[in-house]
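Submitted below is the structure of interest, expressed as structure tokens.
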Amino acid sequence: MLVDQYDAFLVDMDGVVHVGDSPVPGAVDAIRDLRDRGKTVRFVTNNSRASREALVEDLRGFGIEANPDDVVSAAWATAEYLAERGVQAVSLVGGEGFAGMIRDHGIAVRDEGVDAVVVGHDDTVAYADLKRATQLIYEEGADLVAANADGWYPTSDGIAPGTGATVAAIEAATGAEATVVGKPEARLFEIAMEGLPPERTVMVGDNPQADLVGANAAGIDGILVTGTGGDVDAGDLTSIDMTPVAVVEGLDGLF
Ligand SMILES: [Mg+2]
């Protein structure tokens, strides 16, 4: 059985555990079955807005118990990444949840005298935010760091511009190239895999580009989940240079 090949499962959230506000059928039982078998489950998401506590609340709402330590989001991983590099202060284009995670890592969030401009999801992003980011990169030599580079994301009322759209605007204004922490970059996986043996760890996700390419970059196997209706690109393997160890319909396909 597929499940027997691994000790640790990095599970994508949106499109695997839930689609919008609804749990994916079978996902809650599958997570419980994994834990009953003694498997480590970590939730790995490109979310660049919500705190880990808020994501834990989301999981509880779907019927899945979790601790903040079980959730590795792009925003939290970005805060870890900044702290590991000794960054003292950043300017943030992003929401209050992300700002809190950065401050919790001992890093100041302010609008001048910064080491980096950090970008996360912000659905109130304004021209003034782009201007401030642009000036800090030109005038202070600030680095550009992005929680993810997703161009779009699904919402209950259709496709909406994602963090990557804001990043692209700042890149166009400055010529800078952002360091991206989230999927499909390896950084998020490396933080999520702390203490886990790579040969016994697998990424389970519904987006080939983010989840499978990312798993490959991090040196672990990937399993593609299809049929949940969560991702516009779900199932499209033609555009990537990586073969999943399995394609399953929902998390219960692991058993
Ligand atoms: Mg997904």
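The values are calculated or read from the model by the stated rules, or taken from the named source; none is laboratory data. This one's a predicted model, so the numbers in the text were calculated from it and none came from an experiment. Note that each Cβ is placed from the backbone with ideal geometry, even for glycine, and that neighbours are counted across all protein chains shown.
Residues in segment 1-16 that are within 16 Å of the ligand (Cβ to nearest atom) and either touching a residue at least 60 places away in the same chain (Cβ under 8 Å) or in a helix (DSSP H, G or I) (or both): how many?
Going residue by residue through segment 1-16, those that are within 16 Å of the ligand (Cβ to nearest atom) are 9-16.
Now restrict to residues that are either touching a residue at least 60 places away in the same chain (Cβ under 8 Å) or in a helix (DSSP H, G or I) (or both): 9-12, 14-16.
Qualifying residue count for the region: 7.
Going through Val72, Val167, Val181 one at a time, which residue ends up being more than 13 Å from the chain's Cα centre (by Cα), of a type in the set (Val, Ile, Thr) and closer than 17 Å to Arg49 by Cβ? Don't jump to the end; show me each part of the working.
Numbers: Val72 fails: more than 13 Å from the chain's Cα centre (by Cα); Val181 fails: more than 13 Å from the chain's Cα centre (by Cα).
Residue meeting the stated conditions: Val167.
When the residues of segment 201-214 are filtered to those that are touching a helix residue (DSSP H, G or I) at 6+ places or on another chain (Cβ under 8 Å) and in contact (Cβ under 8 Å) with a residue 40 or more places away in the chain, which remaining residue is farthest from the ligand (Cβ to nearest atom)? So that I can check it myself, show each step before the final result.
Going through segment 201-214, the residues touching a helix residue (DSSP H, G or I) at 6+ places or on another chain (Cβ under 8 Å) turn out to be 202-205, 214.
Next, only the ones that are in contact (Cβ under 8 Å) with a residue 40 or more places away in the chain stay: 202-205.
Working: Val202: 15, Met203: 11, Val204: 10, Gly205: 5 Å.
That would be Val202.
Next up: Of a type in the set (A, V, I, L, M) and in contact (Cβ under 8 Å) with a residue 60 or more places away in the chain - does that describe any residue in segment 45-59?
Step one: filter segment 45-59 for residues of a type in the set (A, V, I, L, M), giving 50, 54-56, 59.
From what is left, the residues that are in contact (Cβ under 8 Å) with a residue 60 or more places away in the chain are none.
Checked segment 45-59: no residue is of a type in the set (A, V, I, L, M) and in contact (Cβ under 8 Å) with a residue 60 or more places away in the chain.
Are any residues in segment 126-146 assigned to a loop (DSSP other than H, G, I, E, B) and either touching a Phe, Trp or Tyr at 6+ places or on another chain (Cβ under 7 Å) or surrounded by fewer than 20 Cβ atoms within 10 Å (Cβ to Cβ) (or both), and if so, which ones?
Ala126, Gly141
Going residue by residue through segment 231-238, is there one that turns out to be outside any loop (DSSP other than H, G, I, E, B) and of a type in the set (S, T, N, Q)? Explain how you work it out, then say what you get.
Keep residues of segment 231-238 that are outside any loop (DSSP other than H, G, I, E, B), which gives none.
No, the conditions are met nowhere in segment 231-238.
How many residues does segment 149-165 contain that are assigned to a strand (DSSP E or B) and closer than 16 Å to Val180 by Cβ? Don't jump to the end; show me each part of the working.
If we filter segment 149-165 for residues that are assigned to a strand (DSSP E or B), which is where we start, we get 152-155, 158-161.
Restricting the remaining residues to those that are closer than 16 Å to Val180 by Cβ gives 152-153.
Total satisfying the criteria: 2.
Further question on the same structure: Scan Ser48, Ser22, Ser73 and give me the residue that is more than 30 Å from Gln5 (Cα to Cα) and of a type outside the set (Asp, Glu). It would help to see each step written out before you state the result.
Values: Ser22 fails: more than 30 Å from Gln5 (Cα to Cα); Ser73 fails: more than 30 Å from Gln5 (Cα to Cα).
Just one listed residue meets the conditions, Ser48.
For residues in segment 216-230 being more than 13 Å from the ligand (Cβ to nearest atom) and outside any loop (DSSP other than H, G, I, E, B), which is farthest from Val181 (Cα to Cα)?
Per the stated criteria, the residue is Asp221.
Under 26 Å from Thr238 (Cβ atoms), small (Gly, Ala, Ser), within 15 Å of the ligand (Cβ to nearest atom) and not in a helix (DSSP H, G or I), is that true of Gly182?
Details: under 26 Å from Thr238 (Cβ atoms): yes; small (Gly, Ala, Ser): yes; within 15 Å of the ligand (Cβ to nearest atom): yes; not in a helix (DSSP H, G or I): yes.
Yes, satisfied.
Among (1) modelled with pLDDT of 95 or more; (2) of a type outside the set (Val, Ile, Thr); (3) surrounded by 15 or more Cβ atoms within 10 Å (Cβ to Cβ), there is one condition Glu199 misses while meeting the rest; what is its number?
Unmet for Glu199, out of (1) modelled with pLDDT of 95 or more; (2) of a type outside the set (Val, Ile, Thr); (3) surrounded by 15 or more Cβ atoms within 10 Å (Cβ to Cβ): (3).
For segment 27-78, give me the residue count where each residue is of a type outside the set (A, V, I, L, M), touching a helix residue (DSSP H, G or I) at 6+ places or on another chain (Cβ under 6 Å) and more than 16 Å from the ligand (Cβ to nearest atom).
6
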